[in-house]
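Okay, so here's the structure we're looking at.
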Amino acid sequence: MSLHSVRDDLAVRAPDLAVITTDASTATVPLAAEVHGVEPGQIAKTLCIRVRDEEFLLVTRGDARLDNQKSKSAFGGRPRMLGAEDVLRLTSHAVGGVCPFGLPAPLPIFLDTSLKIYDLVIPAGGDTHASVKLSVERLAQLCGNKWVDACQLPE
């Protein structure tokens with residue numbers, strides 16, 4: 001069902017974008033990077049986070065990690081990653097296919113500034129075998145263009 005909601009959403013908001021399905025799994029950053037022949041940072045992973053009573057999404061580069069101090073500053077409180085059941089409830093996507101498209105209800109979406117070094121990024125497409133290739137600018141446009149500095153890059 002989730003793959004369909006992503007396709008339906010993009011058909012309305014971005015009909016020029018296609019959901020790419022693959023035989024190989026793209027459920028993790030390393031797998032997705034291998035399937036698409038890109039570096040792990042270009043895989044745009046979507047994190048589901050709660051700060052106090054607010055739930056939202058943060059899209060960041062695949063090799064970045066949520067930084068507690070930066071994210072406290074960016075979101076005004078200590079972030080907590082949501083568990084698999086809450087992720088499914090919030091996004092309609094199971095872990096491994098979570099993306100900022102095809103959501104069942106409007107939700108705040110933030111983009112981490114770490115993505116800005118790339119021209120092209122590849123978020124999941126609502127399924128463990130689905131992805132979407134698009135420019136960072138287009139991703140920002142589709143997600144509301146709210147940028148934060150909340151992640152730590154690999155050393």
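The values are calculated or read from the model by the stated rules, or taken from the named source; none is laboratory data. Bear in mind the structure is a predicted one, so any value in this text is a computation, not a measurement. Ideal geometry is used to build each Cβ from the backbone, glycine not excepted, and the neighbour counts take in all protein chains shown. To get the accessible areas, we keep the full protein, side chains included, count just its heavy atoms, and leave off ligands, DNA and RNA. Shrake-Rupley method; radii C 1.70, N 1.55, O 1.52, S 1.80 Å.
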Using a 1.4 Å probe and ignoring any ligands, DNA or RNA, find the accessible area of residue 117 and quote it in Å² to the nearest 10. 120 Å²
Low-density loop positions, trypsin sites (Lys or Arg not before Pro), the range 101-155 - DSSP coil, at most 15 other Cβ in 10 Å: 146
(1) 14.5, 45; (2) 14.2, 41; (3) 18.0, 58: which one is Rg and Dmax of the Cα atoms in Å as calculated from this entry? (2)
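Quote the FRET efficiency, to the nearest 0.05, computed for residue 86 versus residue 25 with a Förster distance R0 of 25 Å and r equal to the Cβ-Cβ distance. Don't skip to the end; give the middle numbers.
Values: r = 23 Å, r/R0 = 0.91.
Plugging the Cβ-Cβ distance into 1/(1 + (r/R0)^6) gives 0.65.
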Would you please classify the overall shape of the range 47-119 from the alpha carbon gyration tensor, given that a ≥ b ≥ c denote the square roots of the eigenvalues, rounded means a/c under 1.5, and beyond that prolate means a/b larger than b/c while oblate covers the rest? oblate
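In Å², and per residue, what accessible area does the range 66-131 have when probed at 1.4 Å with the other protein chains present?
Values: 3040 Å² over 66 residues.
Ligands and nucleic acids excluded, the figure is 46 Å² per residue.
Going by accessible area, probe 1.4 Å, with all protein chains left in place, what is the ranking of 63, 23, largest first?
Numbers: 63 45, 23 160 Å².
Sorted descending by solvent-accessible area, the residues read 23, 63.
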Probe 1.4 Å, all protein chains in place: accessible area of residue 91 in Å², nearest 10? 0 Å²
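Relative contact order for the chain: what percent, with Cα pairs under 8 Å and sequence separation of 6 or more? Mind dumping the intermediate values first?
Details: 338 pairs, mean separation 47.8, N = 155.
Computed over the chain, the figure is 31 percent.
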Please give the solvent-accessible surface of residue 61 in Å², to the nearest 10, using a probe radius of 1.4 Å with every protein chain present. 20 Å²
Accessible area, probe 1.4 Å, largest first, for residues 4, 36, 129, 93: 4, 129, 36, 93
How would 114, 73, 25 line up by accessible area, probe 1.4 Å, largest first? 73, 25, 114
Compute the distance in nm between two label points, each set 7 Å from the Cα along the Cα-to-Cβ direction, one at residue 117 and one at residue 135. 2.1 nm
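Could you look at the range 15-155 and say what percent of its accessible area is carbon and sulfur, using a 1.4 Å probe and all protein chains? All intermediate terms of the calculation are to be shown ahead of the outcome.
Details: 3390 of 6870 Å².
Ligands and nucleic acids excluded, carbon and sulfur give 49 percent.
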Name the residue from 32, 11, 21 whose Cα lies farthest towards the positive end of the charge dipole of the range 1-42, charges +1 on Cβ of Lys and Arg and -1 on Cβ of Asp and Glu. 11
If I model a spin label at residue 39 and residue 107 as a point 7 Å from the Cα along the Cα→Cβ vector, what separation in nanometres do I get? 2.9 nm
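Note down the magnitude of the dipole of the chain about its Cα centre, charges +1 on Lys and Arg C-beta and -1 on Asp and Glu C-beta and zero elsewhere, to the nearest 20 debye. Show your work: numbers first, answer last.
On the way: 16 positive and 19 negative charges, 87 e Å.
Computed about the Cα centre, the dipole is about 420 debye.
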Between beta-carbons, use under 14 Å as the cut-off and find the net charge around residue 149, counting Lys and Arg +1, Asp and Glu -1. +4
On a C-alpha basis, how far is the centre of the range 26-78 from the centre of the range 83-155 in Å? Whole number, if you could? 8 Å
